[in-house]
Amino acid sequence: MAEKFDNLEEHLEKFVENIRQLGIIVSDFQPSSQTGLSQKLNFMITGLQDIEKCRQQLHDINVPLEVFEYIDQGRNPQLYTKECLESALAKNEQVKGKIDTLTKFKSLLISELGKIFPEEMTKYKAIHGDDPPS
Amino acid sequence: MTEIFSLYGQPDSQGPAGPSALGFGSGKPQVPQNMGPMCFPHQMVDEGGPIRKPAAMNEPFYLLRELPMENELTGHTNLITHYNLEHAYNKFCGKKVKEKLSNFLPELPGMIDSPGIQDNSSLRSVIEKPPVCNNSFSPLTGAMLTGFRLHTGPLPEQYRLMHIQPPKKKNKHKHKHHRPQDPLPPETPSDSDHKKKKKKKDDDPDRKKKKKDKKKKKNRHSPDHPGMTGAQPSSSSLR
């Protein structure tokens, strides 16, 4: 799994470095650097071909669109992962609290109903069975 | 409690209480009279749900439902532990994650911390309007490369800032040492000239000032310079 990412990362780094060198050549162009420029342009195309070959290995990888929002704003995409984990934990705690509260309410209700309607509650327990203590 | 008693065991010859008597909204027809003592108005009953046992088995309960199937995985369990994400949680939430994109990609050149909308380089624009291109990449032929013949000289000022990186405090010294050691191919000797010229370019504003100062000094001391008043005794003698 990590190998296909490493392969893509390597190709992307080479591509970016090639583009950077191309920018240096273009920033102060001289006639003698024409061959170098042509070479860099063809390296750019072969780089794109290599990146496209990596695509087949990564067809099952899905990236959430919200991550692109972070990148477009110049923010670290790891913040998205952090926020996902934090919100998942917060929601987990919230639901756990609800479950615990409802379980306590159920046991309280059964005990109070048992005091008020003892015969009906014994019939209820006979139908549903004895609930496990919460 | 009194309401429950009234619904529970008392025979009602007049029929069941309508929705308005129970305090709920009106507008729905009343339940037929043969339903029995414990019957709720129509809007109180949830439609759907598990199959109900016949009424005779559940007396005196008429609307008793089966309990829902217990799910093994609920919010009661710690899902981060369940899915073995403790390491990821400690990595992202335990330590401080830096805000900027350049902290995630320190080796990437250019100004990447600025929003993509400013220079029309956003990923959203690529997704919404993907560029129209052919299916394959083919190398450029000689005829195509003639379109890439550039004018000599430096770029216009409006395009110069594109490859400049923001200053990095920690890597300043490394940055200075790293750049000259870039693995440029030896087939382009002009690149070394570019580096030299780049260094020259960085000194340009200082050089210009020095040149101007030198010119001024030369002009002050040269006899051929016109318009010098009182600076030289020869000019004053002619007047």
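We did not get these values from a lab; they are worked out from the coordinates using the rules stated. It should be emphasised that the depicted structure is a prediction, and the values quoted were computed from it without experimental measurement. Note that each Cβ is placed from the backbone with ideal geometry, even for glycine, and that neighbours are counted across all protein chains shown.
What to note about this one:
- Within segment A:1-108, the proportion of Cα pairs with more than 16 Å between them is 75 percent.
- When you filter the trypsin sites (Lys or Arg not before Pro) in segment B:94-151 for DSSP loop state and at most 11 other Cβ atoms inside 10 Å of their Cβ, you are left with B:Lys95, B:Lys96, B:Arg149.
- Placing unit charges on the Cβ atoms only, positive for Lys and Arg and negative for Asp and Glu, gives segment A:67-133 a dipole magnitude near 120 debye about its Cα centre.
- Across the cross-link table entries A:Lys104/A:Lys125; A:Lys14/A:Lys82; A:Lys4/B:Lys95; A:Lys82/B:Lys98; A:Lys14/A:Lys53, which are compared at the Cα atoms, the separations over 23 Å belong to A:Lys14/A:Lys82; A:Lys4/B:Lys95.
- Once the Cβ-Cβ distance of A:Phe105 and B:Tyr83 is raised to the sixth power relative to R0 = 25 Å, the FRET efficiency obtained is 0.25.
- With contacts taken as Cα pairs under 8 Å and at least 6 residues apart, chain A reaches a relative contact order of 18 percent.
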